[in-house]
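Below is one structure, written out as structure tokens, with a few remarks after it.
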Amino acid sequence: MRTMNARILVVDDDTALAEMIGIVLRTEGFDPVFCADGSEAVEAFRSSNPDLVLLDLMLPGMDGIEVATRIREESGTPIIMLTAKSDTADVVKGLESGADDYVVKPFNPKELVARIRTRLRPSPHTSADVLHVGDLVLDVAGHEVRRGDGKINLTPLEFELLLALAIKPQQVFTREMLLEQVWGYHYKADTRLVNVHVQRLRAKVEHDPDNPRIVMTVRGVGYRAGTAS
Amino acid sequence: MRTFDWRGWLRRLVGLWRSSLQLRTVAITVLLSTFAVTIIGAYMAISVGNNLFDSRRDELLTQSAQASDTVQKLFNATAEQGAATNIENAARTAFTAVLQSSASTAGTQIAILRAPDQTGARVPNDVASPGLQPASLISTALEKRVTAAGASNDTPRVYWQSVAIRHDNVVDPGIVIGSSVTLPSSGRYQLYLIYNLSDAQQTLGSVQSTLLLGGLALIVLIGAVTWVVVRLVVGPVRVAADTAEKLAAGELERRVPERGDDELATLARSFNGMADSLQKQIVRLATLSQVQQRFVSDVSHELRTPLTTIRLAGDVLYDQRETFPPATARTAELLRTQVQRFEILLADLLEMSRYDAGAVDIDTEPTNLVRLVEDAVDSVSSLAETRGSELRVVAPGGYFEAEVEGRRIRRILQNLLGNAIDHGEGRPIDVYVDSNQSAVAIAVRDYGIGMTPAAMERVFDRFWRADPSRQRTTGGTGLGLAISLEDAALHGGWLEVWSAPGEGSCFRLTLPRERGTTLRSSPLELPPEEDRGDDDD
Ligand SMILES: Nc1ncnc2c1ncn2[C@@H]1O[C@H](COP(=O)(O)OP(=O)(O)OP(=O)(O)O)[C@@H](O)[C@H]1O
Ligand SMILES: [Mg+2]
């Protein structure tokens with residue numbers, strides 16, 4: 001995935017804002033595509049095949065949460081939500097339906113670009129090609145997770161989350177550490193991001209998500225990878 | 001062990017006494033009526049006894065007078081006949097006559113004795129009922145009075161005295177009535193009649209026990225009636241109290257049953273009326289606050305989207321300002337700073353309106369306040385440096401964990417620190433943190449321009465600034481302290497100010513360590529004692 005000329009789908013009904021975002025993105029060397037209606041968003045996603053989606057939560061036609069769910073059904077492409085309210089249940093709903101991150105309006109260009117860059121950057125480099133967590137095998141170069149012969153479909157973000165834990169199996173990661181490593185936040189950010197995505201990851205990789213063996217909870221501290229078997 | 005049980009019992013009784021109006025009313029009524037019935041009963045018993053005795057005595061006095069007359073007549077007749085044997089037997093004859101006359105009731109004892117002041121031969125001899133020892137029943141006082149009356153022929157002719165008659169180990173009340181009679185040939189004699197009054201005593205006893213029983217029955221009856229009456233009144237009151245409690249707990253549908261037209265029904269009706277209007281008000285306010293909340297969030301969204309566009313545009317222009325002619329470059333700069341200011345103002349206003357709508361939830365977790373203070377100090381340290389103020393944190397040990405929402409406390413601290421730096425005249429700023437078992441306090445002390453008492457009254461007012469023209473570095477809408485105050489109140493905490501012109505200001509934030517507890521005092525003085533020891537290092 002190349003950062004330069006990465007294609008970004010901007011789904012926002014406010015044309016002025018969309019156009020402004022487009023200007024900012026173009027200055028930064030991205031290739032923006034636009035869609036102003038929720039009900040056309042999925043169609044636009046299929047036809048433009050973007051590297052990342054900027055999605056307004058409040059949209060005519062179909063709301064952002066619904067759009068995120070639909071996109072997640074067919075692809076792991078990073079989704080960043082644009083929201084006017086950070087403290088509502090909408091944000092959690094958006095994250096639960098598959099959005100990777102969110103930006104609160106009013107944001108400034110640097111903030112937006114930084115969020116986009118983090119989601120588009122390549123995974124951290126490791127010496128090992130293959131890592132083991134529990135009964136899972138992580139193919140680092142191929143961005144693949146397998147259990148036995150079956151392949152498990154993870155989004156890039158979920159893969160990166162699992163990889164971060166797997167690279168240092170001994171270490172306990174606090175939510176803040178994960179926010180920094182996986183989401184690129186260097187200051188205090190919303191720990192709900194971690195909570196929600198750990199849940200989504202567990203739903204995919206655990207045999208019994210209520211009794212996790214791969215992404216273990218360390219009470220009062222955070223998470224660590226399960227021991228390889 | 002036993003005393004302990006006894007105490008517990010007593011405590012329970014006192015508790016019951018305090019809590020039950022019914023018990024208290026019945027107990028007081030019974031107590032008072034017992035008192036009244038006792039007094040009335042005692043009075044009645046005494047006066048009945050007196051009357052009984054008086055009438056019996058008067059009757060006996062009449063009887064005695066008759067007996068005395070009989071004896072006198074007999075004596076006179078005997079003297080006229082003059083026979084010596086008759087005279088010898090006169091006393092005995094008289095005795096028999098009295099015994100047989102109506103004057104004697106059963107158990108009456110009779111004595112005919114020669115008056116002690118008579119000289120000469122004792123003819124006839126003294127006569128007395130068998131078993132009667134005149135000396136033991138007839139006191140000398142009575143004897144003297146009878147004697148004196150005999151000597152002077154005075155009226156009244158009968159004299160009496162109460163006595164106790166002892167027989168067979170029983171003591172009966174009795175009365176001795178004496179009179180003087182004269183046997184013309186041989187001198188004066190005295191007739192004593194001793195009546196036993198035990199029958200009257202018996203009557204009195206039965207009257208008294210009737211009174212006692214009647215009194216007891218009356219008291220029990222009064223108690224029962226009070227119990228029923230109080231129950232009739234207290235019952236509905238209790239129902240009303242229960243309903244009020246349920247209402248207060250949020251069950252707005254609760255009502256008191258209305259029955260009849262009496263005062264209690266009026267109470268129930270007005271209670272229900274109150275509940276109705278209360279419910280209406282609450283529902284109205286709830287809808288109002290919902291509308292307000294929705295409005296706030298709509299405004300928030302509607303304003304934020306264009307503001308984002310303006311901000312992006314401003315920043316894009318600002319980034320390219322070097323390529324513009326100077327005037328345009330300056331415009332780009334102004335645009336950017338004013339958009340930032342607008343953003344802060346909008347955020348503050350939204351926060352304020354959220355408070356006004358009551359739409360604020362607090363999300364607390366145990367937080368180390370010293371860490372929080374250090375964070376806040378770090379975040380303003382570069383600002384402090386440009387103004388030349390040194391920031392010092394004074395935090396002696398203690399319990400520093402408190403259940404707070406970190407974001408809000410950080411916001412309060414940033415505002416207090418920003419204000420202190422703005423008005424601190426470049427002098428050092430001390431931040432004190434201290435705690436006790438129930439509370440944590442943070443005080444921000446500056447040694448800058450300070451405030452007049454009039455200004456102190458208004459610092460927490462919205463949009464109020466002492467000197468609007470003063471150069472500002474931390475925004476400056478005048479909403480900072482108003483929001484801080486709301487944030488503190490949301491935690492159940494206090495935000496107070498001390499200030500003196502030229503001496504600087506001190507803002508003290510006190511927070512309960514546990515959510516929901518009420519503050520009584522603050523661990524820090526206002527302003528805190530100056531700590532001069534730590535300047536050396
Ligand atoms: N430490 C202080 N010393 C002297 N005056 C103060 C101090 N703190 C606050 N004030 C006065 O109280 C006013 C209100 O303060 P407040 O924090 O509410 O608003 P602000 O700082 O002007 O703006 P904002 O905090 O909203 O950016 C200030 O403008 C100032 O006049
Ligand atoms: Mg301020």
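Quick rundown of the values:
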| read-out | value |
| --- | --- |
| Subset of the stretch B:233-266 that is of a type in the set (A, V, I, L, M) and at pLDDT below 85 - its residue that is least open to solvent (accessible area, probe 1.4 Å) | B:Val234 |
| Any chance B:Asp117 is in the same structural domain as B:Leu211 (by TED's automatic domain parsing), loosely packed, with under 15 Cβ neighbours inside 10 Å and not in a helix (DSSP H, G or I) | yes |
| Residues that are touching a Phe, Trp or Tyr at 6+ places or on another chain (Cβ under 7 Å) and open to solvent by 10 Å² or more (accessible area, probe 1.4 Å), drawn from the stretch B:478-490 | B:Gly478, B:Leu481, B:Leu485, B:Glu486 |
| Test: A:Leu112 is under 21 Å from A:Glu40 (Cα atoms) and within 14 Å of another protein chain (Cβ to nearest Cβ) | no |
| Checking B:Ser381 against (1) open to solvent by 40 Å² or more (accessible area, probe 1.4 Å); (2) more than 16 Å from ligand 1 (Cβ to nearest atom); (3) over 21 Å from B:Ser505 (Cα atoms), the condition it does not meet | (3) |
| Residue match in the stretch A:35-49 (condition: in contact with an Asp or Glu (Cβ under 7 Å, 6 or more places away or on another chain), open to solvent by 30 Å² or more (accessible area, probe 1.4 Å) and within 14 Å of chain B (Cβ to nearest Cβ)) | yes |
| Identity of the residue in the stretch B:388-446, open to solvent by 20 Å² or more (accessible area, probe 1.4 Å) and among the aliphatic types (A, V, I, L, M), that ends up nearest to the chain's Cα centre (by Cα) | B:Ala395 |
| Strands (runs of 3 or more DSSP E) (entirely within the stretch B:139-225) containing at least 1 residues that are free of Cβ contacts under 8 Å to residues at least 12 places away in the same chain | B:158-167, B:170-183 |
| Criterion violated by B:Ser353 - all others in (1) over 54 Å from the mean Cα position of the chain (by Cα); (2) away from chain A (no Cβ under 12 Å) satisfied | (1) |
| Residues being open to solvent by 10 Å² or more (accessible area, probe 1.4 Å), facing another protein chain (nearest Cβ under 7 Å) and under 12 Å from B:Gln338 (Cα atoms) - total across the stretch B:303-317 | 2 |
| Selection from the stretch A:121-136 of residues that are of a type in the set (A, V, I, L, M, F, W, C) and buried (at least 17 other Cβ atoms within 10 Å of the Cβ) | A:Leu131, A:Val133, A:Leu136 |
| Flag if B:Val393 is within 14 Å of ligand 2 (Cβ to nearest atom) and either among the aliphatic types (A, V, I, L, M) or within 14 Å of another protein chain (Cβ to nearest Cβ) (or both) | no |
| Single residue of the stretch B:402-424 satisfying the filter (under 17 Å from B:Asp361 (Cβ atoms) and within 14 Å of another protein chain (Cβ to nearest Cβ)) that is nearest to ligand 2 (Cβ to nearest atom) | B:Arg411 |
| Residue list for the stretch A:1-17, filter: facing chain B (nearest Cβ under 10 Å), aliphatic (A, V, I, L, M) and open to solvent by 10 Å² or more (accessible area, probe 1.4 Å) | A:Ala16 |
| Those residues of the stretch A:84-109 which are among the acidic types (Asp, Glu) and more than 14 Å from chain B (Cβ to nearest Cβ), in sequence order | A:Glu96, A:Asp100, A:Asp101 |
| Qualifying residue in the stretch A:63-78 (condition: out of contact with any Asp or Glu (no Cβ under 8 Å at 6 or more places or on another chain), within 14 Å of chain B (Cβ to nearest Cβ) and assigned to a loop (DSSP other than H, G, I, E, B)) | yes |
| Inter-residue pairs, beta-carbon under 7 Å, first over 27 Å from B:Arg304 (Cβ atoms) and in the stretch B:345-373, second among the small types (Gly, Ala, Ser) and open to solvent by less than 20 Å² (accessible area, probe 1.4 Å), 6+ apart | B:Thr367/B:Ala402; B:Thr367/B:Gly406; B:Leu369/B:Ala402; B:Leu372/B:Gly406 |
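Residue-wise test of (1) modelled with pLDDT of 90 or more; (2) within 16 Å of ligand 2 (Cβ to nearest atom); (3) more than 17 Å from B:Leu369 (Cα to Cα); (4) in contact with a His (Cβ under 9 Å, 6 or more places away or on another chain).
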residue	(1), (2), (3), (4)
B:Val433	yes, no, no, no
B:Ala439	yes, no, no, no
B:Ala443	yes, no, no, no
B:Phe460	yes, yes, yes, no
B:Gly476	no, yes, yes, no
B:Gly480	yes, yes, yes, no
B:Leu485	yes, yes, yes, no
B:Gly492	yes, no, no, no
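The values are calculated or read from the model by the stated rules, or taken from the named source; none is laboratory data. Small disclaimer: the values here were computed from a predicted structure and weren't measured. Don't worry about glycine lacking a Cβ; one is built from the backbone with ideal geometry, like all the others, and counts go over all protein chains shown. Areas reflect the complete protein model, heavy atoms only, side chains present, ligands, DNA and RNA absent. Shrake-Rupley method; radii C 1.70, N 1.55, O 1.52, S 1.80 Å.
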